[in-house]
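First comes the structure, then the notes that go with it.
Bear in mind these aren't lab numbers, they're just calculated from the coordinates by the rules spelled out. Given the structure is predicted, the values throughout are model-derived calculations rather than measurements. Here the Cβ is made from the backbone with ideal geometry for all residues, glycine too, and neighbour counts use every protein chain on show.
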Number of protein chains: 2
Amino acid sequence: MSDLHVYDTTLRDGAQQEGLNLSVADKLTIASHLDDLGVGFIEGGWPGANPKDTEFFARAATDLTLKNATLAAFGATRRAGGSAATDPLVRALLDSQASVVTLVAKSHVGHVERALRTTREENLEMIRDTVSFLRGEGRRVFLDAEHFFDGYAVDRAYALEALRAAAESGAEVLALCDTNGGMLPSRIGDVVADVADALGVAGATGTDTRLGIHCHNDTGCAVANSMVAVDAGATHVQGTVNGYGERTGNANLVTVVANLQLKQGVQLIEPHRLQESTRISHAISEVTNVPAYSRQPYTGASAFAHKAGLHASAIKVDPDLYQHLDPKQVGNDMRMLISDMAGRASIELKARELGLDLDPTDAADSALVQRVLAKVKDLELRGYTFDAADASFELLLRREVEGALPDFFEVESWRVITDSQSHGDALSEATVKITTGGKRVLRTGEGNGPVNALDHALRLALATAYPEIEHLELIDYRVRILDAAHGTDAVTRVLIETSDGETTWETIGVAANILEASWDALVESVTYGLLRAAVPVR
Amino acid sequence: MSDLHVYDTTLRDGAQQEGLNLSVADKLTIASHLDDLGVGFIEGGWPGANPKDTEFFARAATDLTLKNATLAAFGATRRAGGSAATDPLVRALLDSQASVVTLVAKSHVGHVERALRTTREENLEMIRDTVSFLRGEGRRVFLDAEHFFDGYAVDRAYALEALRAAAESGAEVLALCDTNGGMLPSRIGDVVADVADALGVAGATGTDTRLGIHCHNDTGCAVANSMVAVDAGATHVQGTVNGYGERTGNANLVTVVANLQLKQGVQLIEPHRLQESTRISHAISEVTNVPAYSRQPYTGASAFAHKAGLHASAIKVDPDLYQHLDPKQVGNDMRMLISDMAGRASIELKARELGLDLDPTDAADSALVQRVLAKVKDLELRGYTFDAADASFELLLRREVEGALPDFFEVESWRVITDSQSHGDALSEATVKITTGGKRVLRTGEGNGPVNALDHALRLALATAYPEIEHLELIDYRVRILDAAHGTDAVTRVLIETSDGETTWETIGVAANILEASWDALVESVTYGLLRAAVPVR
């Protein structure tokens, strides 16, 4: 394993992206995903500067167990004319309990004088004082040299002096930031090599200080600039998952890691973790609710998709003729194969996992697999996505296997009324009509939203026959409008996560009407819950 | 002006993108846009291989008047064992009447032997024969050396021999293609420099043959690889608008041109044309129906958008402190995003952008800014996110400025009923009661979902007083459930995008009830539309 730092800043710099707004719970979930991915450092936010980030570190200290990663708190050098020991924002960094503190500091004279409005010397003193103080308090300190490349162009000596001030005060990493994102690869390479030479930090080994790189994608070169910087001596790379970030985004960390590891043989994360990167990239998209970019390198849905034609016949001869590497290395798939071969195999595997053993040599079993496959393809075309709704896939499979899915109840109809109130919040009221055990049941439930009301009414209607549903709880509800931009009729996809206190499962509904999609997902969720509890049909 | 070729292949390689399907009319429209952009060459398609492309060239010959660009036809070398003079596909290239023919040829021994299933020598002969024949017919010939970089790695001598065969037969351009997209900048630079040296074509001047570069984005480096190739001697760059293309796409040609021209001083297209690139990039998105990628360098909607409060105060001092160049050079704009990270400076800047000039030294204006800031922070804590809802922020700001927001109408109440039908899809019906111009209006609308029904009912209720709303169209609707994982009451955030045919705006609603949130966002969207159209209160 290389000791190059893989430093993720999705939760801090990534969150600067337009339209991205993460709750504390979202940030904790993403941190777990990043840890699973195997990054070395997770920059959690700026405690003290914003209450949400302060809460994140407080909750992380108790609720978050990291297997691989170290949590880093981001903050600024103390204010001009003050002292690090009494600066409330520096205090908040200590209070965060993060063992690594990443300090942003000015290294560009123009920014020192015009944005910070202080002197060159005081800025250096702010760096020295803050780094020394934090080191004295036992923290590892990384420095983000803001606007470094622009600063270097304006006044190389001062830019280097800022780095030296940090290094001499005990900073372990000097991350050179292309804050405005305007750099090109040739320039980045030259500057990093010169800095490494000037500071005597060429390569991480044999010295206490390492150079880092932090790039933005304003010239479309964030990944390349990061690669070139590593070639030139940087041993710490910053980036974000899915390239989230302000303006055009930050360097996509997964792309950089995959390039370094799969193309240049630098071992950064364990291969089985890299194989999770497609899944994790998509899981994080679900949390941020930023639609996954299908053309994203390595992890995008289209990254290994081939349109039929010139390529198809060559791929049949040898897939490697038309792909730059094996997509399995990043947990992605060549799209041409998944439709038949991989499809059948995964359905057989899934059936086995569910205890429904299918014999591929048996004609009836083989026909069943074919039927399920056709159904999955048809439904996915209509907006279903079974990889996010395991429980619904199991129900689909069981419906095809004689006797594998009991008929717990039958739906006759449902209706929801939502009313604005003259004062206060809108109220929803749902009525459902179902039949269970030959008996027709009609119940009405209320809720603070239409889905909540439908959920209540369904529970009331089932409570007598199936008191077991009392333990089921709807814990997450997600909605996505598909194809709204295409001018065609939008289709709504609803994913519901349900818990029985022991485990959770996800079900899906897809329909033009959001409430119909929600109802379908609800019925699936309850059906799966009854199945799991092995409740007899009543 | 540099004589470097700007060669666009949006209509051929770009059209290989998943989900992209262009009609002949679409292709003609895009060709006009490309010509307006000022590219040197437009690769129109593969006549003969596909009837649509044959028709494109036929119609282009009569209907398309190009001011700047030259049309190129794409095709392959003649088939093995045949003759270029009698090959029907080579004939189709001549019939296209394009003055430039770009021939794809194999330069990778593995592909020659395994995909083409012919001999090394025959492949060279196919190149010689086809290039000579087309030259003899008076066409300029460009060569796309497919899989060049992979081929060079496997057998450098043969890869070079393929290039030489083309050059000696009269090919003007030898475009080195990273067909599988797996290359990294350092490698590309080395190979291009070696090829330029081996063939004696370093730099375009003084020689008849030039090297070209054709990159894909599978390592996230398509733009950087193109830049590095130009640095190493390539004088012909291929790419596509918006980076369209198979898998992860081709090199984004606008990004490459902007980088070369604005960062390296290589004059490729007239500055006033570059200033059209944002408009043209979006106009082409409208034709392809692929939603514009907001994080796209230079032309993306977010490319010059700033969210962090830290940046905003510096931007007030000097915008150049936080942008890598003036967005006007590519026809884009700096935008300030309002979020809970915003400070006073962001709000003052935003107000200025909206033409509401606030004087920071004036006590009343200063108090207003403070009030707006407090409101934004409070609302963002409750789930609002104004950086994704510019129009709602403008309404919020105007509500605080005396007389800046007319009272178009007043809402009394609304109600929606959604019913499952015994057969077929669920149906929604909404009733709204509003007052406008002292008159109470009550209307009922239907829809395939509750929000659709509310939208219809609101339009019906407003139609008499404000016939202008007929032009407003709801074009996107997004829902996010916030903090559902907390077990507390979930809050729903709805974002609505509305268009008046000229521009689009986003509004937001947040409430426990999804329909209440949707209603709030709808009312904001219509209010903003009436404001924009400068409709008087009726």
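Could you list which residues have their amide H under 5 Å from that of A:Thr70, counting only those 5 or more apart in sequence or on another chain, with H placed in the peptide plane?
A:Phe41, A:Ile42
Roughly how many nanometres apart are two label points built 7 Å out from the Cα toward the Cβ at A:Lys263 and A:Ala364?
Between A:Lys263 and A:Ala364, the label points sit 5.3 nm apart.
Subtract the Cα-Cα distance of A:Asp326 and A:Glu400 from 0.36 nm times their separation in residues, and report this length gain in nm to one decimal.
Numbers: separation 74, 0.36 × 74 = 26.64 nm, distance 3.41 nm.
The span from A:Asp326 to A:Glu400 would gain 23.2 nm if fully extended.
Among the GluC sites (Glu not before Pro) within region B:126-223, which fall in a DSSP loop and have no more than 12 other Cβ atoms within 10 Å of their own Cβ? Write out the running numbers ahead of the final one.
Values: sites: B:Glu137, B:Glu146, B:Glu161, B:Glu168, B:Glu172; in loops: B:Glu137, B:Glu172.
Sparse-neighbourhood loop GluC sites (Glu not before Pro): none present.
Any chance you could give the angle, 0 to 90 degrees and rounded to 10, that helix B:277-288 forms with the longest Cα principal axis of chain B?
90
What ³J(HN,Hα) values, in whole Hz, does the Karplus curve 6.51 cos²θ - 1.76 cosθ + 1.60 give for region B:503-518 when θ = phi - 60°, with x put for Gly and Pro?
Per residue, the Karplus-derived 3J(HN,Hα) values read 9, 10, 9, 10, 10, 10, x, 9, 6, 5, 8, 4, 6, 5, 4, 5 Hz.
As a check on your grasp of the helix formula, calculate [θ] at 222 nm for the protein assembly as shown: sum -39500 (n - 2.57) over DSSP H runs of n ≥ 4, divide by the residue count, round to the nearest 500. Present the calculation step by step, with values, prior to reporting the outcome.
On the way: 35 runs with 406 residues, N = 1076.
-11500 deg cm²/dmol, from helical runs alone.
Evaluate E = 1/(1 + (r/R0)^6) for B:His471 and B:Val537, where r is the Cβ-Cβ distance and R0 equals 22 Å; express this FRET efficiency to the nearest 0.05. Let's see the in-between values first.
Working: r = 18 Å, r/R0 = 0.84.
In this case the efficiency is close to 0.75.
Measuring from label point to label point, each 7 Å out along Cα→Cβ, what is the A:Asn50 to A:Arg117 span in nm?
2.4
Computed FRET efficiency, Cβ-Cβ of B:Ser83 and B:Asn21, R0 41 Å: what is it to the nearest 0.05? Write out the running numbers ahead of the final one.
Numbers: r = 35 Å, r/R0 = 0.85.
Step by step, r from the Cβ atoms, then E = 0.70.
I'd like the Karplus ³J(HN,Hα) series for region A:179-184: coefficients 6.51, -1.76, 1.60, θ = phi - 60°, whole numbers in Hz, and an x wherever there's a Gly or Pro.
Here the 3J(HN,Hα) series is 4, 8, x, x, 6, 10 Hz.
Which of the trypsin sites (Lys or Arg not before Pro) across region A:80-178 are loop residues per DSSP, with 13 or fewer other Cβ within 10 Å? Write down the numbers at each step before the final one.
Working: sites: A:Arg91, A:Lys106, A:Arg114, A:Arg117, A:Arg120, A:Arg128, A:Arg135, A:Arg139, A:Arg140, A:Arg156, A:Arg164; in loops: A:Arg117, A:Arg139.
Here the sparse-neighbourhood loop sites are A:Arg117.
Listed here are the pairs A:Lys377/A:Lys439; B:Lys375/B:Lys433; A:Lys27/A:Lys328; A:Lys52/B:Lys328; B:Lys263/B:Lys350; B:Lys27/B:Lys106; which of them are more than 32 Å apart at the Cα? All intermediate terms of the calculation are to be shown ahead of the outcome.
Details: A:Lys377/A:Lys439 36 Å; B:Lys375/B:Lys433 28 Å; A:Lys27/A:Lys328 28 Å; A:Lys52/B:Lys328 36 Å; B:Lys263/B:Lys350 29 Å; B:Lys27/B:Lys106 28 Å.
In this structure, A:Lys377/A:Lys439; A:Lys52/B:Lys328 lie more than 32 Å apart at Cα.
Label 7 Å along Cα→Cβ of B:Asp333; region B:382-398 residues with amide nitrogen under 19 Å?
B:386-398
Using a label position 7 Å from Cα in the Cα→Cβ direction, what is the ascending list of nm distances from B:Gln97 to the same site in the other copies?
Label-point separations across copies, in nm and ascending: 7.7.
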